[in-house]
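Each reported figure results from applying straightforward, stated rules to the coordinates on display, with no laboratory input. Since this is a predicted model, take the numbers as computed values, not measurements. Here Cβ is always computed from backbone atoms with ideal geometry, including for glycine, and neighbour counts include all displayed protein chains.
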Amino acid sequence: MENSGKEEYKIQSFDIETQQLLKTALKEPSTVDLEKVANVIVDQSLKDQVFSKEAGRICYTIVQAEAKQNNANVFRRNLLNRLQQEFKNREETRGRSLQEWVCYVTFICNVFDYLKVNNMPMMALVHPVYDCLFRLGQPDSLQNEEEVDCLVLQLHRIGDQLEKMNVQRMDELFFLLRDGFLLQEGLGSLARLLLLEVLEFRAGGWRLSDTAQKYYYSEVSD
Amino acid sequence: MSFRNSLRHQEQRTSDDSRKGPSRWSHCRKRGADGSLRPHDADPSVLDDGDRDQPRHADSRPASFTTPESDGPLPRCADWGSEVEKDELRTDVRRDMQRYRRRILVNDFSERERKTSSGSSDSRDSPIPTEMETDEAVLMRRQKQINYGKNTIAYDRYIREVPKHLRQPGVHPRTPNKFKKYSRRSWDQQIKLWRVKLHAWDPPAQEGSDLQAIEEIDLDDIMETESGASSSTESGTSSHYLKVVKAPSSTPEDSCSGTPNKVMRIGSEIEGSFDLEACLNEVKENGNWLTS
């Protein structure tokens, strides 16, 4: 159980003490300092790209556990407010470290994916997530492969949900992406490939047709 | 929508959207939220990341860019935690409303069948849908009040002890029906009474609790003195309170505790003993236990 727990939540990168804290939070959230847990998770997400891609899951489990154990949502509130704080500072974060910025976007999208409210995505996150994706679609960001990669990854993971919550902004985002693809000078070929693929992906109703799949992915070994 | 669009275009230049300082119109105001005069030379366009080190006003609200409702006014609570909680409350209320409507319809239908056969009518539990409370703001407020009551150890113990089918009207507390039309005062009073009744299931106070001195008392004494207490000169609240104690007579140790606890359930039972004196003292030091 120990190893599979680590594997599932990808908490191997934490030190032992923190791993223990998280494991307890997953089972008995009310017995730990949930504000600390939230901070620990957010901090790590900003540093560790692997973790940021799946941290939503551990958040989800803690939220569920807390709701079940004592009908509270201290963890969720702390998590969201911390996310909001980081959101406000995102431009500065981006200026300081592209890695951290990309990790943040990955994490917030992951949270959007996993943390639902009455089976619906959290409304409060819709615009912030869009804001992040719009930022990634700006000319200066399109020059960076990391950012383009992040952008298309998020669209693959949550594009359809995001679109359902607000079609208009998705349309606007894709105007931006088309412009970027067509008009942007100095765009690397990988960036252009990624953009083309995501354009096709959305056009296909958030699914890649078999032929497109073959075109883009047939030569990828893993 | 155009307003928000222009906001987003600003993002590139400054992070005005995300500034933590006063609201976007604060430079028009002479005084800040706490009443202190604003410095005259405060340039609103300078309120960007550089402001982060400045102490925030207690109720400073960052400009909200997270409006899920498209063209409405900015939400009053601009932090995501509260917004999501509010969102959850709203969707809970909507879902409850659907369920309730369905139940009314089913009741009405079966009632009609019963009426034709027995000629009886019972409108106590099924108000006509048109007389149902549908204002979301009201329903959300009421639900919040109900949630406060349900988030207590007392409620938890109550529902575990007394299954629904064993509940006797008048004896066992009953959650007020948020869908019925009531005046604000009437509703608030119902909630108050409901919560007082629920205190009967508070866990016994902890030993060595700093709230009140605890005295060992045999619970049987309480049962016996109940009739005496109701005719005592203590205020009405006291006798009402003691009357409620009698209800769960099956498990005395679960009934009235010395200091009612409005604590959140923490999954562990607090063991202790009953303190009659504290119960009676509450009436005199009314505010005391409420704020503990």
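Taking the highest mean first, how do the peptides A:70-80, A:113-123, A:40-50 order by number of other beta carbon atoms within 10 angstrom per residue? Before the final figure, lay out each step's value.
Numbers: A:70-80: 21.5, A:113-123: 16.6, A:40-50: 18.7.
Taking the mean over residues of other Cβ atoms within 10 Å, the ranking is A:70-80, A:40-50, A:113-123.
Rank B:187, B:149, B:162 by how far each Cα sits towards the positive end of the charge dipole of segment B:134-199 (+1 on Lys, Arg Cβ; -1 on Asp, Glu Cβ) and give me just the farthest.
B:187
Under a plain spin-label model, where a point goes 7 Å from the Cα along Cα-to-Cβ, how far apart in nm are residue B:110 and residue B:189?
3.2
For segment A:8-120, what percent of Cα pairs sit more than 24 Å apart? Mind dumping the intermediate values first?
Values: 1259 of 6328 pairs.
For segment A:8-120, the fraction of Cα-Cα distances above 24 Å is 20 percent.
Rounded to the nearest 0.05, what FRET efficiency is calculated for residue A:27 and residue B:99 with R0 set to 35 Å and r the Cβ-Cβ distance? Walk me through the intermediate numbers first.
Details: r = 32 Å, r/R0 = 0.91.
E(calc), rounded to 0.05, equals 0.65.
Assuming R0 = 25 Å, what is the FRET efficiency of residue A:217 and residue A:143, from their Cβ-Cβ distance, to the nearest 0.05? Before the final figure, lay out each step's value.
On the way: r = 25 Å, r/R0 = 0.99.
E(calc), rounded to 0.05, equals 0.50.
Under unit Cβ charges (Lys, Arg +1; Asp, Glu -1), what dipole magnitude, rounded to 20 debye, does segment A:141-218 have relative to its Cα centre?
On the way: 8 positive and 13 negative charges, 57 e Å.
So the magnitude is around 280 debye.
Within 10 Å of each Cβ in A:121-131, how many Cβ atoms from other chains are there, averaged over the peptide?
Partner-chain Cβ atoms within 10 Å, mean over residues of A:121-131: 6.
Work out the FRET efficiency for residue A:183 and residue A:43 from their Cβ-Cβ distance, taking R0 = 30 Å, and round it to the nearest 0.05. Let's see the in-between values first.
Working: r = 38 Å, r/R0 = 1.28.
Computed FRET efficiency for residue A:183 and residue A:43: 0.20.
Assigning unit charges at the beta carbon (Lys, Arg +1; Asp, Glu -1) and nothing else, what dipole magnitude in debye, to the nearest 20, does chain A show about its Cα centre? Kindly include the intermediate steps, with their values, before the conclusion.
On the way: 26 positive and 34 negative charges, 147 e Å.
Value, rounded to 20: 700 debye.
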